Amino acid sequence: MRYIGMHIGLRYNIIGEYASLVLALLLLVFMMLTKPRQSKAFGFLLIGTITSVIATFVQIFIVEIASNVEAYYDRKMFTTILVVFLILYAIILISFFNYVNLLSERRLKKRSVIAALYVGIALLYAAGIIYQVYLKSFYYVRTDGIDITHFIRYYCMTGIGCAVICFAVCFYRRITISRIVMRAIYLVIPMTIVTLILQIFERKAIFSGVTYVIPLMACYLLFHSNPYDEDTGCQNVSAMESRFITNSRRGRIFYLAYIEFSQLLGSARAPDYEALTLDLARACRDIERISRKINMYRLNFGTFIVIMEVRERSDAENYAEQMRDILDNFYRYNEDHIHYFLGVGGDSKRFASQGHKWTQFFMRFLREKYAVDGQNVYCFAKGEDFREYDEIYSVERTLADIRSKMNPDDDRILCYAQPIYSVHKDSFRSAEALMRLCIDGKMIPPDEFIRIAEQTNCIHSLTVIMMHKVCRAVEALSEEYDFDAVTINCSTADFVDKEFYKEIMDIIHSYKIDQKKIRLEITESMMADSYDAVKHNMERLNMEGIQLYMDDFGTGYSNLERVLDVPVQTIKFDKSLLYKSIQDERVGDIISYMIDIFKKNGFITLVEGVEDECQKNYSIKRGFDYIQGYHYAKPMPIENLKKYFSKK
């Protein structure tokens with residue numbers, strides 16, 4: 001069969017396809033350079049991008065054959081290529097549908113439903129292809145080329161159908177999809193539908209590639225791209241997390257370095273911000289030039305994380321020493337002499353199993369342990385550091401879980417108590433409730449978890465749970481035993497909230513007890529920063545009949561005027577004062593003087609930490625009203641107080 005008039009030929013304008021191919025290739029390059037987080041959604045985006053590159057190549061090849069029939073055309077080969085393109089197009093559509101499904105917090109999880117949906121659509125799509133191939137209606141061979149208009153219309157109609165389904169699904173589930181995602185859907189999908197419609201009615205220009213490449217690029221830019229920090233040229237936090245998670249999932253061994261310039265954390269203090277930024281950028285480039293296995297990321301203006309993808313500790317130590325030299329040069333040559341902290345650790349397997357545990361290790365634990373203000377510090381984490389932090393991290397996770405559940409019966413919070421001896425009545429009339437934390441059968445003392453609870457905003461949850469446990473124990477003891485009260489320690493975070501007294505009284509009133517049997521202990525240091533709020537709660541509780549103890553008196557710069565100004569009934573002298581007074585008679589005279597002043601003003605005095613007969617006799621001689629310490633009784637489960645209280 002001969003074709004005439006080929007000097008003119010049927011030519012299609014495929015500038016749009018070439019542009020789509022370039023964009024798709026650029027998108028692949030960007031994905032490789034920025035290394036986004038390897039999530040399931042990104043996986044479908046990557047599959048769609050790779051497939052779009054291949055599909056666009058095939059589309060261009062189809063058009064070249066259609067425009068050069070005499071040179072390239074073969075019916076079976078041409079039909080096969082069309083079918084290949086349609087299969088690739090189907091893969092792109094499936095990738096889009098799966099990607100959109102993963103954008104919702106409530107994903108389609110029933111595999112049977114998804115499988116049925118895919119099978120139904122695939123059968124319908126395949127049936128349409130087979131039918132068109134059988135009728136030989138996908139294209140028409142003309143004297144001047146091949147008319148592929150019907151072929152283009154077929155897959156464009158399929159694309160419109162998929163876009164409508166995606167839009168409908170997203171709109172139906174819009175409550176479970178974030179606002180920024182829905183805005184992108186409202187913008188991109190309608191534009192895709194309009195472009196596909198224009199392609200259907202356009203005979204000489206082919207630009208359908210943009211209908212899948214542009215959405216792919218939009219999704220990448222909006223939700224997966226990791227831009228660089230403009231000032232220092234380092235990648236940002238998102239890129240760092242992506243790199244960390246990817247390495248962890250692939251089982252790669254790597255070391256981390258944490259760099260902090262504490263003087264820059266408040267960047268407003270820097271006298272010359274622009275010059276300092278240039279110096280920082282140069283230091284960052286020098287560190288990255290140490291090895292290709294080093295990747296540097298900026299957390300904020302004065303904090304950086306370095307990921308060293310090395311297996312041997314010796315290599316990490318070598319790189320760390322070179323970093324130290326660079327930072328020393330930065331310190332020497334910078335006019336402001338900015339000090340640095342460089343901490344390095346390499347237990348990547350341990351970090352990988354705990355998500356963001358590594359950030360806490362460097363930014364809180366390692367820095368607090370080794371950093372010294374006004375000095376350059378370099379440390380390489382040891383095994384004991386990881387073991388110590390493991391214990392702290394375990395406490396943090398337990399406290400966070402306790403806070404989230406807020407269960408008054410949580411058996412991880414143990415309620416202990418230590419009886420308090422009354423000198424005048426020669427008996428035990430009260431006790432101090434003491435909190436213990438139990439993790440996997442191991443008892444954690446208060447000095448190890450209270451500070452962590454305060455730092456992680458979990459202390460109030462512990463106070464509330466202890467209040468319930470103490471009230472329940474007091475309710476049980478009150479039925480048979482005679483005693484005055486049980487005291488509970490409260491933290492600064494509790495008393496800063498001006499509504500705290502209401503919460504306390506609500507808990508007490510929920511039990512069948514005399515509210516006077518519950519007393520609260522606060523420390524003098526609590527009033528230093530939030531005096532008005534603390535005093536407000538103290539006055540309200542005092543009006544409700546709740547007695548208050550001033551705990552740890554004498555541990556800091558005690559202010560007698562402030563102590564006398566707040567409604568406390570009992571002054572609790574810290575054991576350190578007792579020990580000092582025994583060793584130094586002058587301190588003993590001061591204590592006697594303070595005891596006299598407090599008693600003249602109606603206060604009750606109590607001393608803690610009495611551990612032997614000598615300390616007991618000394619405390620009685622000095623005039624303390626109550627004595628607490630191991631000499632009388634050690635802390636015990638609160639139920640055991642019945643051994644010390646007399647029966648009614």
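The values are calculated or read from the model by the stated rules, or taken from the named source; none is laboratory data. Quick caveat: nothing in here was measured; it's all calculated off a predicted structure. Note that we place each Cβ from the backbone using ideal geometry, even for glycine, and neighbour counts take in every protein chain shown. With ligands, DNA and RNA removed, areas are computed over all heavy atoms of the protein, side chains included. Shrake-Rupley method; radii C 1.70, N 1.55, O 1.52, S 1.80 Å.
Observations on the structure shown:
- Residues of segment 140-159 that are open to solvent by 30 Å² or more (accessible area, probe 1.4 Å) and hydrophobic (A, V, I, L, M, F, W, C): Val141, Met157.
- Matching option when the condition is in a helix (DSSP H, G or I), among the β-branched types (Val, Ile, Thr) and buried (at least 20 other Cβ atoms within 10 Å of the Cβ), among Ile305, Ile287: Ile287
- Every condition in (1) surrounded by fewer than 21 Cβ atoms within 10 Å (Cβ to Cβ); (2) touching a Cys at 6+ places or on another chain (Cβ under 9 Å); (3) modelled with pLDDT under 95 holds for Thr456 except the one numbered (2).
- Filtered residues of segment 593-623 (kept if aromatic (Phe, Trp, Tyr) and closer than 21 Å to Gln418 by Cβ): Tyr618
- A single entry from Gly346, Gly355 fulfils the requirement of being of a type in the set (Gly, Ala, Ser), open to solvent by 10 Å² or more (accessible area, probe 1.4 Å), at pLDDT below 95 and over 17 Å from Tyr255 (Cβ atoms): Gly355.
- Per-region count, segment 630-648, residues among the small types (Gly, Ala, Ser) and either over 14 Å from Ser427 (Cα atoms) or open to solvent by 20 Å² or more (accessible area, probe 1.4 Å) (or both): 1
- Close pairs (6 angstrom Cβ cut-off, 6 or more residues apart or separate chains): assigned to a helix (DSSP H, G or I) in segment 382-397, of a type in the set (Ser, Thr, Tyr) anywhere: Glu396/Thr456
- Among the residues of segment 30-69, those identified as surrounded by fewer than 21 Cβ atoms within 10 Å (Cβ to Cβ) and among the hydroxyl-bearing types (Ser, Thr, Tyr) are Thr34, Ser39, Ser67.
- All positions within segment 602-625 that are open to solvent by 80 Å² or more (accessible area, probe 1.4 Å) and within 51 Å of the chain's Cα centre (by Cα): Glu611
- Residues (aliphatic (A, V, I, L, M) and under 21 Å from Leu548 (Cα atoms)) located in segment 408-451: Ala417, Ile420, Val423, Ala431, Ala433, Leu434, Met435, Ile450
- Meets criteria (open to solvent by 30 Å² or more (accessible area, probe 1.4 Å) and at pLDDT 90 or above) for Asp336: no
Residue-by-condition table, conditions (1) under 14 Å from Ile627 (Cβ atoms); (2) part of a helix (DSSP H, G or I); (3) in contact with a His (Cβ under 7 Å, 6 or more places away or on another chain):
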position	(1), (2), (3)
Leu577	yes, yes, no
Gly588	no, yes, no
Tyr593	no, yes, no
Asp596	no, yes, no
Lys599	no, yes, no
Gly602	no, no, no
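- Odd one out for Gln263 among (1) open to solvent by 20 Å² or more (accessible area, probe 1.4 Å); (2) modelled with pLDDT of 90 or more; (3) not in a loop (DSSP other than H, G, I, E, B): (2)
- Criterion (in contact with an Asp or Glu (Cβ under 8 Å, 6 or more places away or on another chain) and either among the aromatic types (Phe, Trp, Tyr) or under 15 Å from Thr232 (Cβ atoms) (or both)) met by exactly one of Asn300, Asn295: Asn295
- Condition broken by Val181, with the remaining ones in (1) more than 28 Å from Glu17 (Cα to Cα); (2) surrounded by 13 or more Cβ atoms within 10 Å (Cβ to Cβ); (3) at pLDDT below 80 satisfied: (1)
- Taking every residue in segment 191-202 that is touching a residue at least 60 places away in the same chain (Cβ under 8 Å) and pairing it with any residue that is of a type in the set (Gly, Ala, Ser) and assigned to a helix (DSSP H, G or I), at least 6 positions away or on another chain, yields no pair with a Cβ-Cβ distance below 8 Å.
- Looking across segment 70-87, the residues that are of a type in the set (A, V, I, L, M) and either buried (at least 21 other Cβ atoms within 10 Å of the Cβ) or within 13 Å of Phe138 (Cβ to Cβ) (or both) come down to Ile81, Leu82, Val83, Val84, Leu86.
- Note on segment 205-242: among residues that are assigned to a loop (DSSP other than H, G, I, E, B) and touching a Phe, Trp or Tyr at 6+ places or on another chain (Cβ under 6 Å), the one that is modelled with the highest pLDDT is Ile206.
- Candidates Leu437, Leu366: the one that is over 27 Å from His631 (Cα atoms), outside any loop (DSSP other than H, G, I, E, B) and under 25 Å from the mean Cα position of the chain (by Cα) is Leu366.
- Scanning segment 429-442 for residues that are of a type outside the set (A, V, I, L, M), surrounded by fewer than 21 Cβ atoms within 10 Å (Cβ to Cβ) and closer than 30 Å to Asn617 by Cα yields a count of 1.
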